[in-house]
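The values are calculated or read from the model by the stated rules, or taken from the named source; none is laboratory data. Small disclaimer: the values here were computed from a predicted structure and weren't measured. Cβ placement follows ideal geometry from the backbone for every residue including glycine, while neighbour counts extend to all protein chains displayed.
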Amino acid sequence: MNRRVMTKAVIGVLAAALCVQVGATPPTHAQGRAASRYEDLVALFNDWRAFQKPRLVKSVPDYSVAAMAAQHRRLRDYQQRLARIDPSGWPIPQQVDYHVVRAEMNGLDFDHRVLRPWANNPAFYVTIFFDESDQPAREGPHAAGAVELWQYRFPLSAEDAATIGAGIRIIPPLLEQAKVNLTGNGRDLWTYGTGRIRDQSASLTRLTSLVPAAATELRRDIERARAATDTFVSWLEARAASKTAASGVGVDHYSWHLRNVQLVPHTWRDEVVLMERELARSHAMLALEEHRNASLPPQEVISSQEEHARRFDTAVTEYMTFLRDRQILTVKPYFDAGLRARVGRFNPGPREFFTEVDYRDPVVMRTHGYHWFDKARMREEPHPSPIRRGPLLYNIFNTRTEGHATGWEELMLQAGMFDARPRSRELIYILVAQRAARALGDLRMHSRELTLEQAAVFASTHTPRGWLRLDGRLVRNEQHLYLQQPAYGTSYLTGKIQIERLLAARKRQLGAAFTLKGFMDAFDAAGLVPMSLIEWELTGELRDDTKRMLAPEGSRQPSQ
């Protein structure tokens with residue numbers, strides 16, 4: 001970090017320490033703890049992040065039974081250190097950081113007690129990725145040591161080839177270890193995880209085609225990794241018939257995870273009610289939009305690479321102009337380039353769900369592309385808090401990232417973005433319906449009411465116009481992610497509901513002084529933390545449901 005950035009960071013932390021938050025009610029903490037400094041939390045955070053990583057044995061992460069048991073035992077020491085810190089007298093932003101650290105520790109505890117991805121989920125051992133995630137960190141649980149190939153330019157420099165080679169050499173011993181570690185009986189996790197391992201073999205084959213014949217050492221490493229991957233697939237397939245159990249975590253564990261890891265002040269049953277409400281609302285609104293637009297012609301679908309390039313370029317320009325001219329938020333110099341870099345190329349079909357939307361009005365999904373603003377901001381303007389500067393663990397950021405990006409679609413509709421194209425309003429409600437349908441699949445897989453295939457059928461059936469095709473890959477890939485990462489599928493609409501509530505609260509507090517630009521600038525400045533904490537930080541008010549969730553007694557574990 002250069003001196004200028006470091007100075008800004010220090011000033012930001014000091015400003016947070018000195019700020020006065022009016023109307024806040026801090027959570028109740030155990031009596032008898034000594035007054036603590038924020039610096040104690042930062043020191044603990046740094047120690048915790050180092051501890052959370054698995055130990056390496058000959059450069060290979062160790063997820064063996066003994067290693068995981070030892071890590072779980074030692075986790076208690078870190079939780080006790082955190083419990084001895086009393087943040088109740090701190091400014092709200094620093095209390096928020098405390099609860100972020102607490103949630104991360106709860107995430108590792110949940111992994112050990114319930115999820116156990118190293119033992120239950122073959123996809124955990126996928127470590128080769130060609131595509132960049134639009135999230136601060138890759139979705140779902142994954143073993144340490146991922147090779148993010150999108151970060152490199154081909155042809156590779158000698159240095160990059162060496163770095164990639166080091167990551168790829170880990171694959172054979174890691175997969176050998178996985179054959180011992182994987183003891184779970186969840187049928188869907190095993191079956192669909194095998195498919196992800198098979199995809200890794202295809203990725204390695206693709207990588208070979210990008211590496212010149214002269215790079216003999218790297219090509220040899222890739223071939224060994226591919227052979228090990230194929231052998232692992234055969235090993236998984238040979239055992240698939242013996243896997244007979246449901247893969248979901250169960251209702252009580254899901255509720256605990258919501259409240260203690262994701263910091264969502266709901267239960268599994270609350271989420272069912274919310275998702276069913278959003279599914280019904282989206283279908284009703286779509287019916288009204290279709291009725292209003294009945295005399296209009298259908299939208300033209302992009303049909304060539306030339307049209308794709310032209311319409312997507314125009315879409316980015318229109319979107320950025322709208323944000324700037326309507327004073328929606330402060331448009332940063334890096335926003336435009338971030339969107340243009342990720343529009344892709346024309347796909348003649350068959351089209352998956354989001355392409356059906358994109359090819360009718362490319363502006364619609366550019367709103368969801370707020371993800372790229374978030375990632376660029378994290379890189380270009382690091383948060384002053386060291387705890388919020390990088391991605392949170394266990395996808396704890398998802399009500400903010402996925403929830404806001406989903407909510408932003410409908411907020412931009414209401415702000416007037418699609419007034420000149422009424423048919424595009426229909427697309428927004430189709431998107432909401434799809435998120436609600438797949439979220440209900442998430443919930444009912446984890447309650448063990450539905451298999452993954454049944455959840456996919458439900459999501460496809462309840463998504464309008466047949467666009468979430470059962471003969472495509474998206475519908476099952478999404479449900480597989482949500483089975484691996486509880487509450488990810490619900491986060492899109494849970495976070496959407498929370499940001500709408502926050503916006504309403506700030507309008508109520510500020511009255512005539514409220515501006516959308518001021519609201520969004522403060523919202524972005526809070527960083528990528530759970531929406532419940534952003535709501536507390538921006539309003540200075542701790543809602544009763546959030547207060548109960550953050551209280552230490554709220555983290556009691558369900559019976560096993």
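Here are the numbers for the structure shown:
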quantity	calculated
Only listed residue being in the same structural domain as Trp190 (by TED's automatic domain parsing), surrounded by fewer than 17 Cβ atoms within 10 Å (Cβ to Cβ) and more than 19 Å from Ala455 (Cα to Cα), chosen from Glu237, Glu300	Glu237
Residues of segment 83-98 classified as assigned to a helix (DSSP H, G or I) and surrounded by fewer than 19 Cβ atoms within 10 Å (Cβ to Cβ), total	1
Residue list for segment 134-147, filter: touching a helix residue (DSSP H, G or I) at 6+ places or on another chain (Cβ under 9 Å) and either over 23 Å from Leu189 (Cβ atoms) or not charged (D, E, K, R) (or both)	Asp134, Gln135, Pro136, Ala137, Gly140, Pro141, His142, Ala143, Gly145, Ala146, Val147
Single condition Glu453 does not satisfy, out of (1) in a helix (DSSP H, G or I); (2) surrounded by 19 or more Cβ atoms within 10 Å (Cβ to Cβ)	(2)
Among (1) in a helix (DSSP H, G or I); (2) touching a residue at least 12 places away in the same chain (Cβ under 8 Å), the one test that Pro265 misses	(1)
Which numbered condition Arg326 fails, given (1) without any contact (Cβ under 8 Å) to a residue 60 or more places away in the chain; (2) surrounded by fewer than 19 Cβ atoms within 10 Å (Cβ to Cβ)	(1)
So Arg448, is it modelled with pLDDT of 95 or more and either assigned to a helix (DSSP H, G or I) or surrounded by 15 or more Cβ atoms within 10 Å (Cβ to Cβ) (or both)	no
Which numbered condition Gly407 misses (of (1) crowded, with 17+ Cβ neighbours inside 10 Å; (2) closer than 30 Å to Lys53 by Cα; (3) not hydroxyl-bearing (Ser, Thr, Tyr))	(2)
Residues (among the basic types (Lys, Arg), over 30 Å from Gly107 (Cβ atoms) and free of Cβ contacts under 8 Å to residues at least 60 places away in the same chain) located in segment 352-394	Arg366
Selection from segment 240-260 of residues that are over 12 Å from Gly186 (Cβ atoms) and basic (Lys, Arg)	Arg259
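Quick grid of which residues meet (1) more than 26 Å from Gly186 (Cβ to Cβ); (2) in a helix (DSSP H, G or I); (3) in contact with a strand residue (DSSP E or B) (Cβ under 8 Å, 6 or more places away or on another chain); (4) touching a residue at least 24 places away in the same chain (Cβ under 8 Å):
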position	(1), (2), (3), (4)
Leu427	yes, yes, no, yes
Ala436	no, yes, no, yes
Ala459	no, yes, no, yes
Leu481	no, yes, no, yes
Ala505	yes, yes, no, yes
Gly511	yes, yes, no, no
